[in-house]
Amino acid sequence: MILVPIQVRLTEPAVLTSPDGDDNIVNTLDFIPGSMILGAWVARNLQNVDAYLGGDFSFGCLYPMAAVDGDVVDLQPTVPTPLSYHALKRGAVCVRNAAVTEIDAEMEPVQARYVFENGKVMLVSPRREQHIHLERDRAAGTATADGGNVFRYQSINELEVFSGYIACTKDFRAGLLKNGPSDMRIGKSRGSEYGGHGVVSIGSPVQAESAKGRYLILRSPMIARRSNGTADGSLVALLETLGISSDNVEKSFVRAITIGGFLSISGLPRDRMRAVDQGSVLVLKEPITLTAEQLWLGCGLRTEEGFGRLALNEKWEKEYDLVLEENRAQLLLRSAADTEQPNQASEAMQANLRTARIQKSLERSIDRVARLQAMGAELYLNKNQLSELLAAAQESVEKFKEVVQKNLTRSATHSQYAATKINGKSIENWTATFVDALETWVPPPNSRWKNAWKPQGSAQNFLKAVIRQMQKRGGKSG
């Protein structure tokens, strides 16, 4: 297994669209997805498309580099923060690893997405800015609920540096990488101020080795597939994809996210799927051995885009001294006060317009479903709409549970919540049926897909219940 180091230094701001936005709010990822690196190589080497997509390559995600000890010249690579890392919310001087030792009740999961580890832990986050853009109504001269528009774009600052590895199975394959691009343009709205231009540097290939250990860490998101063929971000899906028995799991720190994307050839977005987030951790009772191919080529779906990469540790420290990164503002030639300061008035105006449009869309969708049912028509969803519905449903239920857990701290309040009933069921059970019903909607893997799938009974009621969530995410209601 050959690993080819790669660095990209942004010379212009970039908007790497995140799935959690909508038509008016565009958030950016804080890393460069492997799909963008793969696309840059394919664009320059169309004759090698089959080789790049044939399972011999994995174009890994690129993560921000750290300025260690204030050194803005010799930057160091980072890795996604393990979800087992905990620290005090204020005044933290150390990071404790919950996978190895017990943590204090006052400690919370580390919020920084990336860390540099060298005996100590340095928390790293790339600099991002937010900009408000107006599309004015020509008659009113400004954006209103009936005309014009307000957009909020989040972008990664120029001069940020990202690094990662491209993995290939054979030594001669690394020769194909020599024809890679010297620069690339990535992200959304490249014709405007978000040029997304980056300078590419390719390092010397190194040999990857197999690993053995009890501590399994996801170095990139994994699109895990359940036995019924659906993509899922649960612990069960992760274990099924890796072929690990649940009896061999001592602890787990797993988080689900939504994976999106964009197909530039068709000009259409990818189907959104649930995935296991990077940094998820499994602590095994008995050590396992993984080959270099399993670690670096990844497991699950879309591994050629860097999904599903793993790391395996035999030993892991219980606690690290915490070091805060300095001089990142010097790296970007900007002061820290200039970043992440959105205009509150613009945000409020944008939120009002967005709320009004969502309400109108919701009313139209509900009316359409009601008319179809009144006429005796059956409501159909194609496979793309079903995938979007599953992701929206899982997101809405998980966010609802998260709000309950964070806000219902008093036992009396929680008991009242649990006792409240809807249609004869407690809110907890009524909510849980949403998730439990999802698998029953999906045909088993040995069945033939027809042109459309038809929800029946309670599934139709559930479809109407998640229309609002789908409208917020820019989806279609059927």
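Would you confirm, using the coordinates I've provided, whether residue 286 is out of contact with any Phe, Trp or Tyr (no Cβ under 8 Å at 6 or more places or on another chain), in a strand (DSSP E or B) and not hydrophobic (A, V, I, L, M, F, W, C)?
It is true that residue 286 is out of contact with any Phe, Trp or Tyr (no Cβ under 8 Å at 6 or more places or on another chain), in a strand (DSSP E or B) and not hydrophobic (A, V, I, L, M, F, W, C).
Hey, could you check segment 202-214 for residues that are assigned to a loop (DSSP other than H, G, I, E, B) and among the small types (Gly, Ala, Ser) and say which is surrounded by the most Cβ atoms within 10 Å (Cβ to Cβ)?
So, considering only residues that are assigned to a loop (DSSP other than H, G, I, E, B) and among the small types (Gly, Ala, Ser), the one surrounded by the most Cβ atoms within 10 Å (Cβ to Cβ) is 208.
I'm trying to understand the selection: among the residues of segment 234-279, which are of a type in the set (Phe, Trp, Tyr) and at pLDDT below 90?
Matches in segment 234-279: 262 only.
Just checking, does segment 29-45 include any residue being polar (S, T, N, Q), in a strand (DSSP E or B) and in contact (Cβ under 8 Å) with a residue 60 or more places away in the chain?
There is no residue in segment 29-45 that is polar (S, T, N, Q), in a strand (DSSP E or B) and in contact (Cβ under 8 Å) with a residue 60 or more places away in the chain.
Yes/no matrix, rows are residues, columns are (1) in contact with a helix residue (DSSP H, G or I) (Cβ under 6 Å, 6 or more places away or on another chain); (2) modelled with pLDDT of 80 or more; (3) closer than 30 Å to residue 56 by Cβ; (4) assigned to a helix (DSSP H, G or I):
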{"site": "123", "(1), (2), (3), (4)": "no, yes, no, no"}
{"site": "131", "(1), (2), (3), (4)": "no, yes, no, no"}
{"site": "138", "(1), (2), (3), (4)": "no, no, no, no"}
{"site": "147", "(1), (2), (3), (4)": "no, no, no, no"}
{"site": "176", "(1), (2), (3), (4)": "yes, no, yes, yes"}
{"site": "194", "(1), (2), (3), (4)": "no, yes, no, no"}
{"site": "200", "(1), (2), (3), (4)": "no, yes, yes, no"}
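Taking the condition of being in contact with a strand residue (DSSP E or B) (Cβ under 6 Å, 6 or more places away or on another chain), at pLDDT below 90 and assigned to a strand (DSSP E or B), how many residues in segment 302-342 meet it?
The qualifying residues number 5.
Just to verify a result, which residue in segment 80-117, among those that are among the small types (Gly, Ala, Ser) and free of Cβ contacts under 8 Å to residues at least 40 places away in the same chain, is surrounded by the fewest Cβ atoms within 10 Å (Cβ to Cβ)?
105
Somewhere in segment 50-57, is a residue in a helix (DSSP H, G or I), in contact with a Ser or Thr (Cβ under 9 Å, 6 or more places away or on another chain) and closer than 22 Å to residue 219 by Cβ?
No, that holds for no residue.
I'd like the full set of residues that are at pLDDT 90 or above and surrounded by fewer than 20 Cβ atoms within 10 Å (Cβ to Cβ), limited to segment 215-233.
The answer is none; no residue qualifies.
The values are calculated or read from the model by the stated rules, or taken from the named source; none is laboratory data. What you see is a predicted model, and the numbers here were worked out from it, not measured in a lab. Neighbour counts are summed over all protein chains in view; Cβ atoms, including those assigned to glycine, are modelled from backbone coordinates with ideal geometry.
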